[in-house]
Amino acid sequence: MTLNPEKTTKLSNRFEQALVYATRLHAQQVRKGSGVPYISHLLSVAALVIEDGGDEDEAIAALLHDAIEDQGGDKTRQEIREKFGETVVNIVNACTDAEVIPKPPWQARKQNYIEKMRHASPQVRRVSMADKLHNARSILADWHRGENDIWSRFTGGREGTLWYYRSLIEVNRQAGSNFLTEECGRVVKQLEQI
């Protein structure tokens with residue numbers, strides 16, 4: 001399938017600035033279990049958003065979707081607003097699970113996020129689902145690499161994690177299914193079998 005060149009996302013130096021900013025913010029962070037630099041996740045989520053037709057604001061929000069939660073709370077929110085604008089910070093806010101330490105209990109936090117997505121804009125749902133798709137793919141890849149205890153790194157364990165993904169997929173399907181949602185559904189079906 002060829003993308004329509006008129007609908008292809010154009011990236012400006014704002015995206016480049018966001019990439020540098022995200023790289024610096026998450027420089028000391030690694031992925032659970034694998035130890036891979038965290039920027040790999042942010043790049044993957046941004047790529048999925050761009051490939052799904054997201055605009056530059058959505059691609060920037062994809063790079064920054066964990067910044068408030070993991071790297072500074074309100075101070076980081078204000079920096080994002082100042083550097084990248086209201087649209088980007090609104091998407092990042094909506095994708096933020098929790099920003100307080102200690103985080104609220106896992107089940108309540110995830111249920112709250114699911115409810116947020118039920119009323120979220122298509123732009124927010126695109127970034128959120130790209131994030132969940134990449135996370136699910138990473139879990140599956142780790143299992144294929146021979147990690148037998150992949151579920152122990154997640155607070156919700158196997159059942160909680162699968163419930164969370166299934167719930168978000170259902171919310172997105174109710175809002176109008178798309179490639180990211182269906183692809184996440186396919187990956188989660190594979191995860192259910194391991």
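Descending by average beta-carbon neighbour count within 10 Å, the peptides 46-52, 114-120 line up as 46-52, 114-120, the highest first.
Distant-in-sequence amide contacts of V30, defined by a placed amide H-H separation under 5 Å and a gap of 5 or more residues or a different chain, comprise Y38. Based on the alpha-carbon gyration tensor of segment 1-96 and its eigenvalue square roots a ≥ b ≥ c, which shape applies: rounded if a/c is under 1.5, prolate if not and a/b is larger than b/c, or oblate? Oblate shape, in that a/c is at least 1.5 and b/c is the bigger or equal ratio. Once you place label points 7 Å from the Cα toward the Cβ at E147 and K10, how far apart are they in nm? In this crude label model, E147 to K10 measures out at 4.0 nm. Shape verdict for segment 46-194, please, from the Cα gyration tensor: rounded (a/c under 1.5), prolate (a/b greater than b/c) or oblate. It is prolate, given that a/c is not under 1.5 and a/b is the larger ratio.
No value in this document is a laboratory result; all are computed from the given coordinates. As the structure is a prediction and not an experimental result, all values here were calculated from the model. Note that we place each Cβ from the backbone using ideal geometry, even for glycine, and neighbour counts take in every protein chain shown.
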